[in-house]
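Shown next, in structure tokens, is the structure this report addresses.
What follows is calculated from the coordinates using simple rules that are stated; it is not laboratory data. The shown structure was predicted, so the numbers you read here are calculated from the model rather than taken from an experiment. Cβ coordinates were reconstructed from backbone atoms using ideal geometry, including for glycine residues, and neighbour counts include every protein chain displayed.
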Amino acid sequence: MTIATPAASASDAQAPFLLIDQLVKEFDGVRAVDGISVTINKGEIFALLGSSGCGKSTLLRMLAGFETPTSGRIALAGNSIVDVPPHQRPINMMFQSYALFPHLSVWDNIAFGLRRDGLPKAEVAARVEQMLALVQLGQYAKRKPHQLSGGQQQRVALARSLAKRPQLLLLDEPLGALDKKLRERTQMELVNIIEQVGVTCVMVTHDQDEAMSMATRIAVMSEGRILQVGAPGEIYETPNCRFVADFIGSVNLFDGRITEDEPDHVIIDTPDGRHYVAHGITGNLGMDVSVAVRPEKIGIQIAPPALEERASPAEHGYNCAQGVIVAMAYFGNETSYHVRLDSGTVVKVSRTNAARHDAARLEREQRVWVWWDGADIVVLTS
């Protein structure tokens, strides 16, 4: 089933659909949201990602109109909505608890908002049937919420939110009430439905996997501020600070100092060894920096890494260290190792289990080499 949406004009494509400008929210003199500015394009699924208390839910509530900004501007499709009451905004919000009416059927839950808006019965019926088909719940129309699974309740809540055809859909921890396996299965279903309708979506989550798998772009938040905005791959592969690198996925961080700074490479000395970075950076000789390497970028083996295994002969003697496996965990598709280097630092390494039987299986307490490519290093200056 395809729902037709108006084609965006060239001017619409250029202008931000949602503009958040220097937004501030204070509670008793404490800033929960501290001068946030960001633009969101039409049709995007934009995720606000951060730990509890970082201000992401407060920001979402200001978009919905449930909280009034202390200062700043919010504009939707070019129009300021700061002074517009929640019920008059072309915005719908889906809560983590779903907030379904337990005494109403699925059909009546979806129809509730449409009836309150005074739509004709025929139009209400048509929209409800359209939403039931969209979320594939037509056969459950007469059931009450308690007769549905968690995933089905989530789709009912989504259908109710979309029935009023909002310009902006807000999702507050949309899959938080589901178990891990159902959550993973529902992520793609939710994205497909949102994209099919063509609605712009802002979602709040503390789940990195959820944000990475669902969002077009992610804003990583901490202490009321946005630290970095980018596509999932950009956020993961090129974090702009230690917090983002450490918050998104798993990372190894080595603190050191720049001892050689050339246009095509940088050398950083750390207590754990010398790091050859196969690209230039924005930094100065002698600057204190952090070297970030993802666990899956690190090789692990018993024998010393051969010269031909390294990305460049210039890197021989760099980006490698010896240590002992102090912990390991098997996850089926990969095995995770914790290696205590001779310096005392513990490094996390992930190795894909490509073969069913690993002839070179590593064991706990085994002495190993770990090494990484200089092109896979991210240098963080903050």
Worksheet item: Gaussian network model of the chain, Cα springs within a sub-10 Å range: biggest mean-square fluctuation belongs to which of 190, 104, 253?
Response: 104
Worksheet entry | Histogram of C-alpha separations across the chain, 10 Å bin width, % | 5, 19, 24, 21, 16, 11, 4, 0
Discussion item. Just to verify a number: FRET efficiency for residue 103 and residue 328, C-beta to C-beta distance, R0 = 51 Å, to 0.05?
Written reply: 0.45
Worksheet entry | Gain in span if fully extended, residue 336 to residue 375, counting 0.36 nm per residue against the direct Cα distance | 11.8 nm
Discussion item. So for the chain, if I pair up every lysine 8 or more residues apart or on another chain, how many of those pairs have alpha-carbons under 26 Å apart?
Written reply: 17
Worksheet item: Taking only Cα atoms, what is the 0 to 90° angle, nearest 10, from helix 150-163's long axis to the longest principal axis of the chain?
Response: 60
Item to complete: Describe numerically, in nm with one decimal, the distance between label points set 7 Å from Cα along Cα→Cβ at residue 196 and at residue 147.
Response: 2.3
Fill in: With at most 13 neighbouring Cβ atoms within 10 Å, loop chymotrypsin sites (Phe, Trp or Tyr not before Pro) (DSSP) excluded, longest segment of the chain
67-330
Worksheet entry | Local electrostatic count at residue 143 - Lys and Arg +1, Asp and Glu -1, tallied over other residues with Cβ under 13 Å | +2
Fill in: Options 230, 369, 136, ranked by Cα towards positive dipole end of the chain, top entry (Cβ charges)
136
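What FRET efficiency, computed as 1/(1 + (r/R0)^6) with R0 = 45 Å and r the Cβ-Cβ distance, is obtained for residue 213 and residue 367, rounded to the nearest 0.05?
Efficiency, from the Cβ-Cβ distance: 0.75.
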Worksheet item: Counting Lys +1, Arg +1, Asp -1, Glu -1, what net charge surrounds residue 258 among other residues with beta carbon under 9 Å of its beta carbon?
Response: -3
Discussion item. I want the antiparallel fraction of DSSP beta bridges within the chain, as a percent rounded to 5.
Written reply: 75
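Please compute the contact order of the range 10-242 in relative form: average sequence separation of alpha-carbon pairs under 8 Å and at least six residues apart, divided by the residue count, as a percent. Present the calculation step by step, with values, prior to reporting the outcome.
Details: 425 pairs, mean separation 64.5, N = 233.
Relative contact order comes out at 28 percent.
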Discussion item. Taking 0.36 nm per residue of sequence separation and subtracting the Cα-Cα distance, how much length would be gained by fully extending the chain between residue 346 and residue 125, in nm to one decimal?
Written reply: 73.5 nm
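Specify the longest stretch of the chain that does not include any exposed loop site, a site being one of the GluC sites (Glu not before Pro) with a non-H, G, I, E, B DSSP assignment and at most 11 other Cβ atoms within 10 Å. The partial results should precede the final answer.
Values: sites that count: 363, 365.
In short, 1-362.
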Worksheet item: Longest span of the chain, sites excluded, free of trypsin sites (Lys or Arg not before Pro) in DSSP loop with at most 10 other C-beta atoms within 10 Å?
Response: 143-355
Worksheet entry | Using a Förster distance of 41 Å, the FRET efficiency for residue 288-residue 22 (Cβ separation, nearest 0.05) | 0.80
Response to the item:
residue 172 neighbourhood, Cβ < 10 Å, K/R = +1, D/E = -1, net charge +1
